[in-house]
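Coordinate-derived values only; no laboratory data. Nothing here was measured: the structure is a model prediction, and the numbers come from that model. Because the Cβ atoms are built from the backbone with ideal geometry, glycine has one as well, and the counts that use them run over all protein chains shown.
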Amino acid sequence: DPQAWVPPAIWNTPAFRAASIATALALAAAGSRQLGARMAIFAHLISFGSLFGSMIYTTFFAGITMFKNLPRQTFGRLQSKLFPIYFKLHAASLCVMLGTLRAVASGGSLTRPVYACGSALLFTLLNLFYLEPQSTKVMFTRYDLENEGKQESDEYKVAAKKFGPLHGMSSLANLGALIGVIAHSWWLGGAFMQ
């Protein structure tokens, strides 16, 4: 198999990686008196770190690097595989964060973090269920027409005109989610100072 650069190893499987994380968590939690609250805070921080890290990396580093260095259709096809995973990770992370806010707040007000995480979740769900699938569908229509040499056709012009706003709204929704996450990180920093 030309794709098998490295022989398969057990430590390169999702099950092994999940077991490693579970083992680390079990070792860290052994003997803890406040396991419930600590587990909730741990889940919040892991979710926040995964969310914020992937947002910054994808939005400001990976996406720009791929756009500048890959052929346009290769870039688009890669993004069409990455973005559903990206938005699912973000939606799941935000749900965990919303569900664990009370433990992190330690009795403080939840209004700001609920608004911040809630708005980020709404933008993410908009991208996950509407904007990303629609823009990807239009993008593939454009690719098919380009590959058939129909860039001057009316059908191509309609698809091109439709793609711009969808892609723009998707980018804005992603930035809206990022703003919510940054606002939450400010609140989170304050929660740890109490």
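Nearest 0.05, what FRET efficiency do Lys157 and Ser80 give at R0 = 22 Å with Cβ-Cβ as r? Can you show the working numbers first?
Values: r = 22 Å, r/R0 = 1.00.
About 0.50, to the nearest 0.05.
How much length would be gained if the chain were fully extended between Trp5 and Leu110, taking 0.36 nm per residue of separation minus their Cα-Cα distance, in nm to one decimal? Each step should come with its number before you reach the end.
Working: separation 105, 0.36 × 105 = 37.80 nm, distance 4.96 nm.
So the chain would gain 32.8 nm between Trp5 and Leu110.
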Practice problem: Report the full-extension gain for the segment Met169 to Ser185: residue separation times 0.36 nm, less the Cα-Cα distance, to one decimal in nm. | Solution: 3.4 nm
Quiz item: By how many degrees, between 0 and 90 and to the nearest 10, does the Cα long axis of helix 132-147 differ from the longest principal axis of the chain?
Solution: 30
Quiz item: Helix 72-99 sits at what angle to the longest principal axis of the chain, using alpha carbons and giving 0 to 90 degrees rounded to 10?
Solution: 30
Quiz item: What is the list of residues in the range 163-177 whose amide nitrogen lies under 13 Å from a point 7 angstrom out from the Cα of Tyr130, following Cα to Cβ?
Solution: 166, 169-170, 173
Quiz item: Which one is right for this structure if volume of the Cα convex hull per residue in Å³ is calculated from it: (1) 124; (2) 147; (3) 161?
Solution: (2)
Practice problem: List the trypsin sites (Lys or Arg not before Pro) within the range 1-110 that fall in a DSSP loop (any state other than H, G, I, E or B) and whose Cβ has at most 16 other Cβ atoms within 10 Å. | Solution: Arg33
Quiz prompt | Set of lysines near Lys161 by C-alpha distance (under 22 Å), chain-local residues within fewer than 8 positions excluded | solution = Lys137, Lys150
Quiz item: Based on the Cβ-Cβ distance from Phe42 to Gln194, what FRET efficiency comes out when R0 is 25 Å, to the nearest 0.05?
Solution: 0.90
